[in-house]
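A.B. asks: Below is one structure. I have some questions about it.
The values are calculated or read from the model by the stated rules, or taken from the named source; none is laboratory data. Treat the numbers as computed from the prediction; the structure is a model and nothing was measured. Neighbour counts run over all protein chains shown; Cβ positions are idealised from the backbone, glycine included. Side chains are part of the model used for accessible areas, which takes the heavy atoms of the whole protein and leaves out ligands, DNA and RNA. Shrake-Rupley method; radii C 1.70, N 1.55, O 1.52, S 1.80 Å.
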Amino acid sequence: MENLATDILSKRFGIEKEIIEFVNDSEKLILDKKEEIGKIRQYNQYKVLSAMQEVRLTSTDFNWTTGYGYGDIGRDKVEEIYSLVFNTEDALVRPTIASGTHALALTLSGLLLPGDELIYITGSPYDTLQQVIGTKGRPEGTLIELGVKYSEVPLKDNKIDIEGVIRAIKPNTKMMAIQRSTGYSDRRALTIEEIEKAVTAIKKVNKDIIIMVDNCYGEFVDYREPTDVGVDIMAGSLIKNPGGGLALSGGYIVGKKELVERVANRSTAPGLGKDTGLTFGTTRTTLQGLFLAPHIVAEAVKGALLVAAVYKRLGFEIVPELDDKRSDIIQAVKLLNRERVYEFCKGIQEASAVDSQFTPEAWDMPGYEDKVIMAAGGFIEGSSIELSADGPMREPFFAYYQGGLTYDHCKLGVCKSLSNLYVKGLVQL
Ligand SMILES: *Cc1c(COP(=O)(O)O)cnc(C)c1O
């Protein structure tokens, strides 16, 4: 019998038969990975459910308050649930945190005082963070302008250079930051084991140094989170993994109580902290998204593996490798020229449920130094736990693929992008 899924891919979406066959064959390379992904998903699902039950989540918690936002029980329970899931003393989770960058900027500016040193121990951070710190972009309001000292310890063989980090500690070193995910770099995400090793070594030398992790794209990819292995504070975005595709906006910060309190004071005002601030009716979707997140992340990881398998077979360099332990949902493919990145992203856009009729263009996005092309036809704008791909327009022309709320959608995205590259003669099967 004719395979109806293949049929609709070719007839409705115009994918060439040979492309469908190539992608179907590539799926065989990832079959053996699915069992472990399923185990991680299951564990995280139960972790989230148990937190919801522990705080006795109830239907009236989805109501919200007005004005100052005093006594928003749902808001408080969201934060309790986050702190249980991430195994921390406290959490700040708000829809008014505009993005992951905002959550990280709040954390850094809440904890660092003039004269304190911040060291990024995973090399240069994600593009937008460089503008927060002040090593790129305009100087106004950056950490450096505020008198914070800054330095970086580059990775060594794509791992944290623990000896180098220990040597870099100065009397005024207040904080060290770790970026778990690939970001727009060419290295794989750091595993929880690698983070644990670094944290243990640093704490042995000086237990007072605050260790922060940028956990963007890392949530629920593994059994443990950085805060399970001694990290003091961690931040991320709700329109990535933990929002499960449903959170409308927002960011989270989880960690030690006294640290989260300081950050909360920065986010509202000293003295007000976590007690004020509205949720604007978002509590339900924030929590339903968190409930779905372990499952959605597993789908996205399977999608990333399919991209890896396809482009590996075509001879491209991929990060991470098929057999690398995954610690984020990103799959980077080194496409080596501008045209391929364009066609790749165009295909992802064409596969979207929303805005599939538009063509993405590289543009000067706020917070980024190079032009960036972003393909995203999400139900939530800019949500990159939904099927999306992007690439900064710079050598060596990586495309970064991420998200996909369902594996089948990921597969359509893979078929569409490969078809574009194939038709333009940019790849040979
Ligand atoms: C996405 C991301 C951020 C934050 O980006 P926003 O678009 O501001 O949410 C920070 N660090 C890394 C590694 C990221 O992937």
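A.B. asks: If a residue has to be in a helix (DSSP H, G or I) and either of a type in the set (Gly, Ala, Ser) or more than 11 Å from residue 38 (Cα to Cα) (or both) to count, how many in the range 295-316 make the cut?
C.D. replies: The qualifying residues number 14.
A.B. asks: Out of 218, 255, 244, 230, report the one residue that is among the small types (Gly, Ala, Ser) and open to solvent by 10 Å² or more (accessible area, probe 1.4 Å).
C.D. replies: Of the residues listed, the single one that is among the small types (Gly, Ala, Ser) and open to solvent by 10 Å² or more (accessible area, probe 1.4 Å) is 230.
For every residue, the table says whether it meets (1) assigned by TED's automatic domain parsing to the domain that holds residue 104; (2) open to solvent by 50 Å² or more (accessible area, probe 1.4 Å); (3) within 16 Å of the ligand (Cβ to nearest atom).
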position	(1), (2), (3)
160	yes, no, yes
164	yes, no, no
170	yes, yes, no
177	yes, no, yes
194	yes, no, yes
197	yes, yes, no
202	yes, no, no
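A.B. asks: Also, I was wondering about something else. From the list 106, 118, pick out the single residue that is over 20 Å from the mean Cα position of the chain (by Cα), assigned by TED's automatic domain parsing to the domain that holds residue 145 and buried (at least 19 other Cβ atoms within 10 Å of the Cβ).
C.D. replies: It is 118.
A.B. asks: Is it true that residue 254 is in a strand (DSSP E or B) and without any contact (Cβ under 8 Å) to a residue 40 or more places away in the chain?
C.D. replies: Criteria not met by residue 254.
A.B. asks: Residue 59 versus (1) without any contact (Cβ under 8 Å) to a residue 40 or more places away in the chain; (2) open to solvent by 50 Å² or more (accessible area, probe 1.4 Å); (3) under 20 Å from residue 296 (Cβ atoms): which is the lone unmet condition?
C.D. replies: (3)
A.B. asks: Which of (1) away from the ligand (no atom under 16 Å from the Cβ); (2) touching a residue at least 24 places away in the same chain (Cβ under 8 Å); (3) surrounded by 13 or more Cβ atoms within 10 Å (Cβ to Cβ); (4) assigned by TED's automatic domain parsing to the domain that holds residue 258 is the odd one out, the single condition residue 100 does not satisfy?
C.D. replies: (1)
A.B. asks: Still on this structure, please answer the following. Out of all the residues in the range 134-142, is one or more among the hydroxyl-bearing types (Ser, Thr, Tyr), open to solvent by 60 Å² or more (accessible area, probe 1.4 Å) and either within 16 Å of the ligand (Cβ to nearest atom) or modelled with pLDDT of 95 or more (or both)?
C.D. replies: The initial filter retains those residues of the range 134-142 that are among the hydroxyl-bearing types (Ser, Thr, Tyr), namely 135, 142.
If we keep only those that are open to solvent by 60 Å² or more (accessible area, probe 1.4 Å) too, we end up with 135.
Cutting the leftovers down to either within 16 Å of the ligand (Cβ to nearest atom) or modelled with pLDDT of 95 or more (or both) gives us 135.
Yes, because at least one residue in the range 134-142 is among the hydroxyl-bearing types (Ser, Thr, Tyr), open to solvent by 60 Å² or more (accessible area, probe 1.4 Å) and either within 16 Å of the ligand (Cβ to nearest atom) or modelled with pLDDT of 95 or more (or both).
A.B. asks: Moving on. Just to confirm my filter: which strands (runs of 3 or more DSSP E) fall fully inside the range 346-429 and include at least 1 residues that are without any contact (Cβ under 8 Å) to a residue 60 or more places away in the chain?
C.D. replies: 372-376, 388-392
A.B. asks: Return the only residue of 49, 31, 57 being in a loop (DSSP other than H, G, I, E, B) and within 27 Å of the chain's Cα centre (by Cα). Reasoning before the result, please.
C.D. replies: Values: 49 fails: in a loop (DSSP other than H, G, I, E, B); 31 fails: in a loop (DSSP other than H, G, I, E, B).
Step by step, each of 49, 31, 57 is checked, and only 57 is in a loop (DSSP other than H, G, I, E, B) and within 27 Å of the chain's Cα centre (by Cα).
A.B. asks: Then there's this: Of everything in the range 385-398 that's at pLDDT 95 or above and within 12 Å of the ligand (Cβ to nearest atom), which residue is farthest from residue 360 (Cα to Cα)?
C.D. replies: Ranking the qualifying residues of the range 385-398, first place goes to 385.
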